[in-house]
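Right, one structure below, let's go through it.
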Amino acid sequence: MRKDIEKILVSEEELDEITTRIASEISRDYEGKRLLLLCILKGSVVFMGDLMKKISIPVEIDFMKVSSYGAGTKSSGTVNIVFDLYRNDLPDIDIVIIEDIIDSGRTLSYLTTYLKNKGARSVKIATVLDKPSRRDPAVTLTPDYTGKVIPDEFVVGYGLDYDEKYRALPY
């Protein structure tokens, strides 16, 4: 797999620094609150695993699977909830959506509204990578916790894939 990688955009060391910083910010912001880290499968699993180990306050975790890509490299523009969040206690919970990368912003914009409409007390977003240059002009979305802003390049590794490959790369 490594021979297929043209260049390393974010190193293992930088990812460690990113998760440490974001964990500290989340710990500070949610002290004394009931926090749910909501992992968006599959790409965000690695980030959430690293992040939750560094958060210093109690957290709950849950998962959703939301798709807009399929097997391609560009978003289809349609958001499909494949695996939903079913909880009766959402009015008592602050949610931080854990995402691997934000591109057009359509999926997370939709998901944030969806979770608020389901009754969540608050919904914020933590992402490893952000590509604001790719943001859909109709979407006004700014992540609350951002690891790194990157150029408009297709990236794999650290949970991100191309056709289910390369997720296990540590960078």
Note: the chain, point scatterers on Cα, Debye, no solvent; log10 I/I(0) at q = 0.12, 0.15 Å⁻¹ equals -0.51, -0.82
Quick calc, residue 94 & residue 134: beta-carbon distance into FRET formula, R0 30 Å, rounding 0.05, result 0.60
For the table 3/42; 33/165; 42/131; 7/116; 33/65; 65/124, the rows whose alpha-carbon distance is greater than 29 Å are 33/165; 7/116
Note: residue 5 to residue 144 extended length (0.36 nm per residue) minus current alpha-carbon separation gives 47.1 nm
For the range 1-74, listing trypsin sites (Lys or Arg not before Pro) in a DSSP loop whose Cβ sees at most 16 other Cβ atoms within 10 Å gives 7, 33, 34, 42, 74
Given 9-16, 144-151, 95-102, the highest-first ranking by average Cβ count within 10 Å works out to 95-102, 144-151, 9-16
Taking the chain and counting helices only, DSSP H stretches of n ≥ 4 at -39,500 (n - 2.57) each over all residues, the nearest-500 ellipticity at 222 nm comes to -7500 deg cm²/dmol
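No value in this document is a laboratory result; all are computed from the given coordinates. Nothing here was measured: the structure is a model prediction, and the numbers come from that model. Counting neighbours? That spans all protein chains shown, and the Cβs are built from the backbone with ideal geometry, glycine included.
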